[in-house]
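Visitor: If you scroll down you'll find the structure; I have some questions about it.
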Amino acid sequence: MTTFVYVRQSLDKTGAGAAVTRQREDCLRLCEERGWDIVRVWEENDTSASSRKPRPVYTAMLEAIERGDAQVLVAWHVDRLTRKLTDLEHLIEVTQRTGLRIVTVTGDIDLSNDAGRLVGRILASVARGEVERKGARQKRAQQQAAEQGRPAGGRRAFGYGSDGETIIDDEAALVRDAYSDLLAGASLKGIARKWNELGVTTTAGNPWRHDNVRSMLKNPRYAGLRAYKGQVVGPATWKALVDEETHEAAVALLSLPERRTTQSTARKHLLPAIAHCWKCGSDVATGHSRHGKRLYICRASKCISRKADPVDELVEAVVVARLSRPDAVELLSEPSTPDLESDRATAEAIKERINDLAIGLEEGLLTLGAVRKSSDRLRVELDKVEARMRNAVEADVLTPLVTADDVAQTWAACDLQQKRAVISALMTITLHPPERGHQPFDPDSVRIEWRAEA
């Protein structure tokens, strides 16, 4: 009789495939004893039969059976074929359509009659029960590990060894730098780009992106805290890479709406939304001339349009000159320690109330006028809370420059977002129209006013 052999192992921790090898040996011995002609051995290693993930090998085998390629299917046990009743019912339908005979090392199953199908369903139910009991034990073990502050297992975290506790010094240094850079105004994309240029990858071997940098910096494990199901449950057994205050400031900063940028919304140039039009006061946007030259254009009324590069060069030169002066250290502000956790909770509560208003309007419980009035008031409150959070977590972006031995060199190494943060902290910029005709760039047409502290 033409025969298929199917072997499967759910979890192969070593990658050696020892379990499927033992199954194969037992199944082949059974086929030899019964004189069956083995057409093919189908093998799935490190593959679960209880999850929702597809099993391509198993699916391809059933398709081959439907084509009549085999009369007998041999497995070590029914739970190697399926651990879900839904999959068993599909297998029963296949046997009824094709006349397939299923044989296991632990005993034959005749799914062509009601008694055999009953046995098959009982075995599948038992297998499913084993999966659920195992899952409950694993969840309880994970909860206990969290309560005790022990590592969770799985893929290692960047900066730590596979045991979850040993610190990998070169990676840990990068993590600490990332927190410092973020709080000094650096963008997530800039951090990812720097690491990729250094040839540093994630622990899965993938390039860094802004989203996985964000996830890493928000992970409480780097502050020596253990989380379970997204909530911090207590101190961890491993050493922290940054203090809790630094981590809390980073999380608060990354929670601000303006930090939720995408590829299309991230700023790509130095002065958009910072410089303003001399006539209407609107901020400027970036545009291009018909010759491809980059321009700064009044966003509201197009009152002004002028070449961007000379303006950028002037502003950067003025910043470097100001921060190179001996009195630049006076620009540094005193640190503050507000209650970021309380502010973040308040912001979330306000957002929930705004959402409740929308639901009330949709269900006809509130009028449009009442919703608008309440929503406007809540948004004003939210703006105040988020502004307080912003002021608290935006570390003094000037410190790395003021304390640098070479301000020009340090400025050149800053990424775009850091430069924009410094400019916003130091000055306001108003762009006036340039002289008509081909006149040289006039620095006086760019009015720079220092903020009070500068």
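The values are calculated or read from the model by the stated rules, or taken from the named source; none is laboratory data. Bear in mind that the values here come from a model prediction, so they are computed numbers and not experimental data. Cβ atoms come from the backbone with ideal geometry, glycine included; neighbour counts cover every protein chain shown. Heavy atoms of the whole protein, side chains included, go into the accessibility calculation; ligands, DNA and RNA do not. Shrake-Rupley method; radii C 1.70, N 1.55, O 1.52, S 1.80 Å.
Visitor: Would you pick out the residues in region 213-251 that are out of contact with any helix residue (DSSP H, G or I) (no Cβ under 8 Å at 6 or more places or on another chain), in a helix (DSSP H, G or I) and surrounded by 15 or more Cβ atoms within 10 Å (Cβ to Cβ)?
Guide: Residues of region 213-251 out of contact with any helix residue (DSSP H, G or I) (no Cβ under 8 Å at 6 or more places or on another chain): 215, 219, 221, 229-231, 235, 237, 239, 245.
Of the ones still in play, those that are also in a helix (DSSP H, G or I) are 215, 221, 245.
Across region 213-251, the qualifying residue is only Arg221.
Visitor: If you go through region 22-36 one residue at a time, how many are in a loop (DSSP other than H, G, I, E, B) and surrounded by 12 or more Cβ atoms within 10 Å (Cβ to Cβ)? Can you show your working first?
Guide: Quick first cut of region 22-36, residues in a loop (DSSP other than H, G, I, E, B) only: 35-36.
Filter again for surrounded by 12 or more Cβ atoms within 10 Å (Cβ to Cβ), leaving 36.
Residues flagged as in a loop (DSSP other than H, G, I, E, B) and surrounded by 12 or more Cβ atoms within 10 Å (Cβ to Cβ) within region 22-36 amount to 1.
Visitor: All but one of (1) modelled with pLDDT under 80; (2) open to solvent by 50 Å² or more (accessible area, probe 1.4 Å) hold for Glu386; which doesn't?
Guide: Tallying (1) modelled with pLDDT under 80; (2) open to solvent by 50 Å² or more (accessible area, probe 1.4 Å), Glu386 fails exactly one: (2).
Visitor: Has region 79-88 got at least one residue that is open to solvent by 60 Å² or more (accessible area, probe 1.4 Å) and farther than 13 Å from Cys27 by Cα?
Guide: Kept after step one, since they are open to solvent by 60 Å² or more (accessible area, probe 1.4 Å), are these residues of region 79-88: 85-86.
Then drop every residue that is not farther than 13 Å from Cys27 by Cα, which leaves 85-86.
So far as region 79-88 goes, yes, one or more of its residues are open to solvent by 60 Å² or more (accessible area, probe 1.4 Å) and farther than 13 Å from Cys27 by Cα.
Visitor: Could you tell me which residue of region 254-294 is farthest from Arg447 (Cα to Cα), considering only residues that are modelled with pLDDT of 85 or more and of a type in the set (Val, Ile, Thr)?
Guide: Thr286
Visitor: Now for a different question. When the residues of region 368-383 are filtered to those that are under 20 Å from Ala252 (Cβ atoms) and among the acidic types (Asp, Glu), which remaining residue is surrounded by the most Cβ atoms within 10 Å (Cβ to Cβ)?
Guide: Among those that are under 20 Å from Ala252 (Cβ atoms) and among the acidic types (Asp, Glu), it is Glu381.
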